[in-house]
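The values are calculated or read from the model by the stated rules, or taken from the named source; none is laboratory data. It should be emphasised that the depicted structure is a prediction, and the values quoted were computed from it without experimental measurement. In this analysis, Cβ positions are derived from the backbone assuming ideal geometry, glycine residues included, and neighbour counts consider all displayed protein chains. Keep in mind that these areas ignore ligands, DNA and RNA; they rest on the heavy atoms of the full protein, side chains included. Shrake-Rupley method; radii C 1.70, N 1.55, O 1.52, S 1.80 Å.
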Amino acid sequence: MDFNLLESADVNVYVYDLNGRVLQSAAYGNLPKSNYNMSMNLNGLSTGLYFVSIQAGESVITKKIQVNN
């Protein structure tokens, strides 16, 4: 997933199932202002739809992803 930080912020990433349960999370700490391309290891997740949320400071971006095994 690509995202752009307009200012430095603490960044956390969460993977949710369709029922809203957190299946994976990662804390990246305080990242400087920049463009980022983030990848996560989604091995272990069943085929299906999931949501990935990137929380950076007060901002949250959520995207739907399809996992195909």
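Of note:
- If you filter the range 8-45 down to residues that are farther than 21 Å from Asn68 by Cα and charged (D, E, K, R), you find that the one that is least open to solvent (accessible area, probe 1.4 Å) is Asp10.
- Checking the range 50-69 against the condition returns a match, with at least one residue being free of Cβ contacts under 8 Å to residues at least 12 places away in the same chain, assigned to a strand (DSSP E or B), surrounded by 11 or more Cβ atoms within 10 Å (Cβ to Cβ) and among the aliphatic types (A, V, I, L, M).
- Every pair of residues 6+ apart whose Cβ atoms lie under 7 Å, when the first sits in the range 25-38 and is in contact (Cβ under 8 Å) with a residue 12 or more places away in the chain while the second is open to solvent by 80 Å² or more (accessible area, probe 1.4 Å) and among the basic types (Lys, Arg): none
- Selection count where residues are polar (S, T, N, Q), modelled with pLDDT of 95 or more, over 16 Å from Thr62 (Cβ atoms) and out of contact with any Asp or Glu (no Cβ under 8 Å at 6 or more places or on another chain), scope the range 1-44: 2
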